[in-house]
1. Quick one: count up the residues across the stretch 34-59 that are within 21 Å of Ser92 (Cα to Cα) and open to solvent by 50 Å² or more (accessible area, probe 1.4 Å).
2. Would you mention how many residues in the stretch 6-33 are open to solvent by 60 Å² or more (accessible area, probe 1.4 Å) and in a loop (DSSP other than H, G, I, E, B)?
3. Is the stretch 71-81 home to any residue that is open to solvent by 40 Å² or more (accessible area, probe 1.4 Å), outside any loop (DSSP other than H, G, I, E, B) and farther than 30 Å from Asp143 by Cα?
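The values are calculated or read from the model by the stated rules, or taken from the named source; none is laboratory data. Owing to the predicted nature of the structure, the values given are computational and were not obtained by experimental measurement. For accessibility, only protein heavy atoms count, side chains too; no ligands or nucleic acids. Shrake-Rupley method; radii C 1.70, N 1.55, O 1.52, S 1.80 Å.
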Amino acid sequence: MPASPSPLAIAEIADADIETVVALWQSCGLTRPWNDPHADIALARREANSTVLIGRDGAAIVASAMVGHDGHRGWIYYVAVDPDCRKRGYGSGIMAAAEDWLRQAGIAKLQLLVRRENKQAGAFYTSLGFEESTSVMFAKWLDGRDPTP
């Protein structure tokens with residue numbers, strides 16, 4: 001049985017945290033060549049309807065979640081837990097913080113995307129009460145790029 005987690009201190013990302021968070025996302029395999037993580041963080045911080053939450057264990061950033069809403073549905077991206085700190089409840093903790101952020105914004109429904117091949121992430125979200133949607137996602141780059149895999 002894993003040891004009891006230390007309390008996860010949740011805060012919104014600050015400028016000084018950006019490089020550490022990008023490195024966390026990279027170590028968790030969340031970045032893709034077609035998405036600049038620095039630009040994603042800047043976009044999430046630009047308006048009041050989105051942010052990046054970080055979870056600290058002591059001084060170390062060990063978890064993150066980008067959270068936002070379109071006024072109707074909430075979305076979460078970049079959920080990450082330091083690979084050396086897994087199985088301590090940090091994933092559940094950062095997800096609970098993101099859900100609370102959305103509740104405080106008056107958002108009743110939360111959605112997220114998981115790549116089909118990421119069975120571990122699918123199992124994690126299922127354990128938190130998420131269900132696979134029957135909807136099909138369509139995507140289009142508005143800047144003219146070719147579709148991404």
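1. Summing the residues that are within 21 Å of Ser92 (Cα to Cα) and open to solvent by 50 Å² or more (accessible area, probe 1.4 Å) in the stretch 34-59 gives 3.
2. Count: 2.
3. For the stretch 71-81, residues open to solvent by 40 Å² or more (accessible area, probe 1.4 Å), outside any loop (DSSP other than H, G, I, E, B) and farther than 30 Å from Asp143 by Cα: absent.
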